[in-house]
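The values are calculated or read from the model by the stated rules, or taken from the named source; none is laboratory data. Please read all numbers here as calculations on a predicted model, not as lab measurements. Cβ placement follows ideal geometry from the backbone for every residue including glycine, while neighbour counts extend to all protein chains displayed. When the accessible area is computed, the model is the full protein with side chains, heavy atoms only, and any ligands, DNA or RNA have been set aside. Shrake-Rupley method; radii C 1.70, N 1.55, O 1.52, S 1.80 Å.
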Amino acid sequence: MNVQIVCDSASDLSPETLERYSLTMVPLKVTINGEEYEDGKTISPRDVYEKMRNGETPKTSQVSSQAFRETFTELVKNDQPFIYFAFSSELSGTYQSAKMVEEEIKEEYPHSQFEVIDTKAASLGCGLVAIRAAELAEDGYSFEDILEAGKYHAAHMEHIFTVADLEYLYRGGRVSKASAFVGSLLKIKPLLHMEDGKLVPLEKIRGSKKVWKRMIELMKERGKDLKHQRIGISHGDDLETARQLADMIRSEFETEDIRFEMVGSAVGAHAGPGTIALFFLNDTP
């Protein structure tokens, strides 16, 4: 491959997907009961969800500088051009760490060719950017063309998602205890999206069926050529609901390519089991 694509574990791509697209993945860290794990390598998302259901509150931390240094240096020493599409800088210090390592390595190896890109995306939003870039690399596109396409996909990637239980967002410090209690009591489902790389509440909706319907409405309002583009759905260990949402999307837009992935350990540690997230390209100029 003329250009290697690098992603991090917050892109929520399974080992099978990483292998299929020959992607290099660097892991974020998850700590449970004082024990540190590498997301997607030494702990699985299902393990994390099981522990959360049993009352554990996992903590997460960014990709280490050492992991970046080792990964980037190995590629550079092999004269391998690469592009790293990073988890949103608004949600993690991972991108900043990668930029610091980039500067050091480019100083040491001035002829190296690589870029570190802040996707301002998360979960499969980030993953779909990496997959598209990897497809172009596989087809022999130039470094500049792949970089441009990756940036375009990142800039136009919509994230619409909801969580099954506000309790997990409360535990992670994302909502107040009162909001979590009232929301659970009234079966209120928050709908969130991403704005310039930040998680932003969009609406509060009562009842699951209304949430899925609203997601479809938002796709119709924001999406571009939804029949022919690749749609992503990531889920917090709830494939059945993800498939139901996919059926609604196929019925509404005749979409041909819908990808499923499980929300990974690092992202799932904050969102919790039962999270459903939808990703598609918007029509914004």
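For a quick size check, give me the Cα extents of the chain along its three principal axes, largest first, whole Å.
Extents along the principal axes, in whole Å: 59, 46, 29.
Work out the count of Lys pairs in segment 1-100 where the Cα-Cα distance is under 19 Å, with the pair 8 or more places apart or on different chains. Each step should come with its number before you reach the end.
Numbers: K29/K41; K29/K51; K29/K59; K29/K99; K41/K51; K41/K59; K51/K59; K77/K99.
So the count of such lysine pairs works out to 8.
Which value, in nm² and rounded to one decimal, describes the direction-averaged projected area of the C-alpha convex hull of segment 201-285? Walk me through the numbers before you get to the answer.
Working: hull surface 23.6 nm².
Its Cα hull, projected and averaged over all orientations, spans 5.9 nm².
For Y109, what accessible surface area do you get with a 1.4 Å probe? Give it in Å², rounded to 10.
We get 60 Å² for Y109.
Would you work out if segment 106-149 is rounded, prolate or oblate? Take a ≥ b ≥ c from the square roots of the eigenvalues of the alpha-carbon gyration tensor; rounded if a/c is under 1.5, else prolate when a/b is larger than b/c, oblate otherwise. Walk me through the numbers before you get to the answer.
Working: a/c = 2.84, a/b = 1.37, b/c = 2.07.
Cα axes put segment 106-149 in the oblate bin.
Report the antiparallel proportion of the DSSP beta bridges in the chain as a percent, rounded to a multiple of 5. Could you put the intermediate results ahead of the total?
Details: 29 of 48 bridges.
If we restrict to bridges inside the chain, about 60 percent are antiparallel.
What does the charge count around V101 come to, taking other residues whose C-beta lies under 12 Å from its C-beta (Lys +1, Arg +1, Asp -1, Glu -1)?
On the way: positive: R69, K99, K106; negative: E70, E102, E103, E104, E107, E108.
For residues surrounding V101, the net value is -3.
Looking at the chain, do any whole DSSP H helices span at least 15 angstrom along their long axis by alpha carbon and average -0.5 or above on Kyte-Doolittle, and which? Can you show the working numbers first?
Values: long enough: 65-77 (17 Å, -0.44); 94-108 (21 Å, -1.28); 123-138 (23 Å, 1.04); 143-155 (18 Å, -0.22); 208-222 (21 Å, -1.13); 239-253 (21 Å, -0.27).
What comes out of the filter, once short or polar helices are dropped, is 65-77, 123-138, 143-155, 239-253.
For segment 16-154, with the dipole built from +1 on Lys and Arg beta-carbon atoms and -1 on Asp and Glu ones, taken about the Cα centre, which of T24, S89, G140 lies farthest toward the positive end?
S89
Taking all protein chains as present, what is the carbon and sulfur share of the accessible area of segment 90-152, in % to the nearest whole number, probe 1.4 Å?
On the way: 1320 of 2860 Å².
Carbon and sulfur: 46 percent of the exposed surface of segment 90-152.
At a 1.4 Å probe radius, which order do S11, S89 fall into by accessible area, largest first?
Numbers: S11 0, S89 30 Å².
Descending order: S89, S11.
Protein chains only, probe 1.4 Å: how do E56, E50 rank by accessible area, largest first? Numbers along the way, then the final one.
Values: E56 55, E50 90 Å².
I get E50, E56, largest accessible area first.
Using the Cα centre of the chain as the reference point, and only Cβ charges (+1 on K/R, -1 on D/E), how large is the resulting charge dipole? Debye, rounded to the nearest 20.
On the way: 34 positive and 47 negative charges, 329 e Å.
Charge dipole, the chain, about its Cα centre: 1580 debye, nearest 20.
Excluding H235 itself, calculate the net charge of residues whose Cβ lies under 12 Å from the Cβ of H235, where each Lys or Arg counts +1 and each Asp or Glu counts -1.
Working: positive: R46, R243, R259; negative: D12, D237, D238, E240, E261.
Every neighbour counted, the sum reads -2.
Write down the accessible area per residue of the chain in Å², having rolled a 1.4 Å probe over the full set of protein chains. Don't jump to the answer; show the numbers that get you there.
On the way: 13350 Å² over 285 residues.
Result: 47 Å² of accessible area for each residue.
Shape of segment 1-55 from its Cα gyration tensor (a ≥ b ≥ c, root eigenvalues): rounded if a/c is under 1.5, otherwise prolate when a/b > b/c, or oblate? Don't jump to the answer; show the numbers that get you there.
On the way: a/c = 3.80, a/b = 2.30, b/c = 1.65.
Verdict is prolate for segment 1-55.
Compute, for H153, the solvent-accessible surface of its heavy atoms (probe 1.4 Å) with the complete set of protein chains present, and express it in square angstrom to the nearest 10.
40
Kindly sort D165, D225 by accessible area of their heavy atoms, largest first, with the probe set to 1.4 Å. Mind dumping the intermediate values first?
Numbers: D165 55, D225 95 Å².
In descending accessible area the options line up as D225, D165.
Would you mind checking which residues have amide H under 5 Å from T60's amide H? H placed 1.01 Å from N; only 5 or more apart, or other chain.
Counting only residues 5 or more places away or on other chains, the set is T31.
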